[in-house]
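Data block below; observations after.
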Amino acid sequence: MTKDWTIQQVWNETILASRKEGKARNHISASDIGKNFYERYLKMQGVPASNPFDERTIRKFEAGNLFEWLVKNVLKRAGVLHSYQDFIEIPENEKHLKVIGYLDLIAGGIVDWKEAEEKVKTMNLPENLQRIADAVVLKLQNKFPNGIEKLVYEIKSINSMVFWAKTKANSLPYPWHKLQLLTYLKGTGAENGRIIYISKDDLTLAEYVVRHDDENLNKIFNDDIETMSAYIREKKEPPKPKEIMWNPNKNKYGGYEPNWELKWSPYLTKITGLPKEEWESKVNLKCKEMNKLILKKKGELDD
């Protein structure tokens, strides 16, 4: 009998087993607000995915949970974590269905800085992260000796290439992340929140402010949940999302590209009627043709 042992199989199988097929529901999820109505409609009807997430994607979701856990524990040991994974509910009314979600964490309030200093010493984090925790306590204590504002935080981890490209293009935060956080601000009554993006490969962090009184964001939020609610209540299918989108940040190459939200949708085949590989081949060719015409026209205008 062999004495060799490994955690590989248990680790991988357990992560994959954590993802479950969705069921029909009559509420709006905070994390779906701002995304395309058609996919959300299918999800809320309990329609099985035609393109379920592959194993690598599922593991990426779980890796994201680890980064959230990391930030939570640094803030907890620094003495500034108030609560985490609070259930949030915005009740149903005549205009919209119930909206629910679980916020990542709330940090701030009255802080016992002396206790925080002692807790940080016992963290046993990797060296660099330990220095971060130490600095959080020291700098906040010096600047806010009587405590800090209570803030709602949403933690997102993204691929480092995407992180730096989006940061350079000033295209963070994503609109749906702002709407998700606004849900939590409404549910808690908090005035301010922050979205934190973590670059997975180098742990660089970017932080963005979301305010409860942002009039434009509130209008987008209300329009979204009222429109989605009407589709569900009236049992009316929303329009399907466009397969090709215009990206102004890529006008150097023409500007048209496949709709990335549709590309990664678990309902791609259900929506388009094509297997993923066949759909990608079709839209890539179409984008190439459309971009070629645009570049040709630009060349004629430049002459």
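Filtering the range 206-224 to residues that are aliphatic (A, V, I, L, M) and loosely packed, with under 14 Cβ neighbours inside 10 Å leaves only Val209. Here Glu261 clears all of (1) outside any loop (DSSP other than H, G, I, E, B); (2) modelled with pLDDT of 95 or more except the condition numbered (2).
Considering only residues in the range 103-117 that are of a type in the set (D, E, K, R) and exposed (fewer than 12 other Cβ atoms within 10 Å of the Cβ), the one that is farthest from the chain's Cα centre (by Cα) turns out to be Lys114.
Across the range 25-52, the qualifying residues are those that are β-branched (Val, Ile, Thr) and assigned to a loop (DSSP other than H, G, I, E, B), and the one among them that is surrounded by the fewest Cβ atoms within 10 Å (Cβ to Cβ) is Val47.
Pairs are defined by a Cβ separation below 6 Å, a sequence spacing of at least 6 or placement on different chains, a first member in the range 15-34 that is modelled with pLDDT of 95 or more, and a second member that is assigned to a strand (DSSP E or B); the pairs so defined are His27/Lys98; His27/Ile100; Ile28/Val99; Ala30/Gly101. Number of residues in the range 77-111 that are touching a residue at least 24 places away in the same chain (Cβ under 8 Å) and farther than 30 Å from Lys235 by Cβ: the value is 16. Are any residues in the range 189-219 in a loop (DSSP other than H, G, I, E, B) and in contact with an Asp or Glu (Cβ under 7 Å, 6 or more places away or on another chain), and if so, which ones? The one that is in a loop (DSSP other than H, G, I, E, B) and in contact with an Asp or Glu (Cβ under 7 Å, 6 or more places away or on another chain): His212.
Taking the range 97-161 as the region of interest, the strands (runs of 3 or more DSSP E) fully inside it that hold 2 or more residues being touching a Gly at 6+ places or on another chain (Cβ under 8 Å), within 15 Å of Val80 (Cα to Cα) and at pLDDT 90 or above are 148-158. If I ask for residues that are over 23 Å from the mean Cα position of the chain (by Cα) and either within 24 Å of Lys288 (Cα to Cα) or not in a loop (DSSP other than H, G, I, E, B) (or both), which ones from the range 220-249 would you list? Hits for the range 220-249 are Ala230, Tyr231, Ile232, Arg233. Inside the range 53-66, residues that are in a loop (DSSP other than H, G, I, E, B) and out of contact with any helix residue (DSSP H, G or I) (no Cβ under 9 Å at 6 or more places or on another chain) make up a count of 1. Kindly establish whether Asn65 is under 22 Å from the mean Cα position of the chain (by Cα), modelled with pLDDT of 80 or more and under 30 Å from Leu138 (Cα atoms). Yes, satisfied. Take Lys276 and decide whether it is in contact with a helix residue (DSSP H, G or I) (Cβ under 6 Å, 6 or more places away or on another chain), farther than 30 Å from Leu70 by Cα, surrounded by fewer than 16 Cβ atoms within 10 Å (Cβ to Cβ) and not small (Gly, Ala, Ser). Yes: the conditions hold for Lys276. When Lys186 is tested against (1) among the basic types (Lys, Arg); (2) assigned to a helix (DSSP H, G or I); (3) at pLDDT below 95, only condition (3) is not met.
The values are calculated or read from the model by the stated rules, or taken from the named source; none is laboratory data. Keep in mind it's a predicted model, so treat the numbers as computed, not measured. Positions of Cβ are generated from backbone atoms using ideal geometry, with glycine treated the same way; all protein chains shown enter the neighbour counts.
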